[in-house]
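The values are calculated or read from the model by the stated rules, or taken from the named source; none is laboratory data. Keep in mind it's a predicted model, so treat the numbers as computed, not measured. Reconstructed Cβ throughout: ideal geometry from the backbone, glycine too, with neighbour counts over all protein chains shown.
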Amino acid sequence: MSQDSCDDNDEYPNPPNSSSTVQQVESPVGNKNGKQQTDYARPRWYKRTEPWVAIFTGVLTIATILQWRTIISNHRATERAWVTIRGVTVQQSAAPGAKVPVVAGLRYSGNSPALQITIKHMLAIAPSLPPELKPKPGLPGPHGGSLGVMGPNSTGTSKGEYLVTAEDMLNLVAGKAHFYSFGIIEYMDIFDTKHWTMF
């Protein structure tokens, strides 16, 4: 055999089909190229819409809170206690010096009980209603009482008496004075809110 012959592998220290190990160089984590690859992975419109998504979320949250408050307010207005006056009756006396009874009728029209009901009832005979005698919320009146609790579709009364003098009787007969019955009803509802009705 001729000595000129040689092995084909001598010309290729690492032939393509050899089993030598090939090392791959990877970019370090967190470098600029890695960040650019992450940015390119997102759509271009991502950064443009991100603020609008935050604004929309905030508006939706505020609208939900306002709507919830409206629902609660409407529920309380529907279910709360309502106490009104259905009329005042004055039983006139023919004799001076007698006490004239006055009865104020109460009507309850709420869907829940009225609690801690207090009535301040005032009576007067005068040419016109004296402003200084008008009862105010929180101030005691000369005639007052407590009914405690009133349930739905119930009624009640507030009774008062006024001592009529001879002068009062003459003024009433002559039309120079009038009999006034006025007062205020204070009560609490089941939502721990105070209300009052003036008459």
Within region 155-196, tally of residues that are touching a strand residue (DSSP E or B) at 6+ places or on another chain (Cβ under 6 Å), surrounded by fewer than 16 Cβ atoms within 10 Å (Cβ to Cβ) and over 13 Å from residue 90 (Cβ atoms): 5
Matching strands (runs of 3 or more DSSP E) fully within region 152-199 where at least 1 residues are of a type in the set (A, V, I, L, M, F, W, C), closer than 27 Å to residue 97 by Cα and in the same structural domain as residue 112 (by TED's automatic domain parsing): 155-163, 178-188
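Conditions (1) modelled with pLDDT of 75 or more; (2) under 15 Å from residue 83 (Cα atoms), marked per residue:
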| site | (1), (2) |
| --- | --- |
| 124 | yes, no |
| 138 | no, no |
| 157 | yes, yes |
| 166 | yes, no |
| 195 | yes, yes |
Test: residue in region 36-45 that is on the phi < 0 side of the Ramachandran plot and either at pLDDT 65 or above or of a type in the set (Lys, Arg) (or both): yes
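May I ask you to list the residues in region 86-121 that are touching a strand residue (DSSP E or B) at 6+ places or on another chain (Cβ under 9 Å), in a loop (DSSP other than H, G, I, E, B) and closer than 12 Å to residue 151 by Cβ? Give the derivation first.
The initial filter retains those residues of region 86-121 that are touching a strand residue (DSSP E or B) at 6+ places or on another chain (Cβ under 9 Å), namely 86-93, 97-110, 113-121.
Filter once more, keeping what is in a loop (DSSP other than H, G, I, E, B): 91-93, 97-98, 109-110, 113.
Hits for region 86-121 are 109, 110, 113.
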